[in-house]
Amino acid sequence: MIVMLCVDDKNGMLFNRRRQSKDRILCQHILALVGVGRLWMSPYSKKQFTDDGLTEIIVDEAYLEKAGTGDYCFVEDKDVASYEDRIEKIILFRWSRIYPADTFFTLDISGYTLEKTEDFAGNSHEKITKEIYRR
């Protein structure tokens, strides 16, 4: 599976069980990236996505357990470290800011290769940095 996460400069993801930030253009970027593929996420995450007809969005509390090879998972509310053996690729979207956080991205990515870095402008963020890592 391919996991996609939004993190701040300290790898923070959530604060008090709420996402640190969101961005409408980032959601569009994610849907375009997935294309006609399958995108798994929690009911919490689905609230910020509209159905565009191309991407098959699958909403399930156990999305990380159910996603298969080549499937995308948008992760906002879980630590992916325990799923490392199933992760083919990691896509981090960095907010280029520091927010309060109590849930963090903890996976050690030193065993992964940084394939690509790309900056793009979001709706509420001047710069969002996309980093793609592969085993």
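Once the Cα-Cα distance is subtracted from the 0.36 nm per residue extended length, the R134 to S21 segment shows a gain of 38.1 nm. The Cα center of region 15-70 and the Cα center of region 71-135 differ in position by 14 Å. Note that region 10-24 has calculated 3J(HN,Hα) couplings of 10, 6, x, 10, 9, 9, 6, 6, 10, 4, 5, 7, 8, 8, 4 Hz, one per residue in order, obtained from phi through the Karplus relation 6.51 cos²θ - 1.76 cosθ + 1.60 (θ = phi - 60°); glycine and proline are x.
Based on Cα contacts under 8 Å between residues 6+ apart, the chain shows a relative contact order of 36 percent. Taking label positions 7 Å along the Cα-Cβ direction at both D108 and D79, the computed distance is 1.4 nm, reported to one decimal. Which residue, L114, L39, L64, tops the fluctuation ranking in a GNM of the chain built on C-alpha contacts under 10 Å? Greatest mean-square fluctuation among the candidates belongs to L114. Multiplying the residue separation of K66 and S124 by 0.36 nm and subtracting their alpha-carbon distance yields 17.7 nm.
Largest GNM mean-square fluctuation among D71, D85, D119, using the chain with Cα springs under 10 Å: D85.
Other residues whose C-beta falls under 13 angstrom from the C-beta of P100 contribute a net charge of +2, scoring Lys and Arg +1 and Asp and Glu -1. Average projection, convex hull of the Cα set of region 2-134: 7.4 square nanometres. When each of I128, I57 is scored by the number of other beta-carbon atoms lying within 10 Å, the sequence from fewest to most is I57, I128.
Each reported figure results from applying straightforward, stated rules to the coordinates on display, with no laboratory input. Just so we're clear, the structure is a prediction, and the values are computed from it rather than from any experiment. For neighbour counting, all protein chains shown are included, and Cβ atoms are generated from backbone atoms with ideal geometry for every residue, glycine included.
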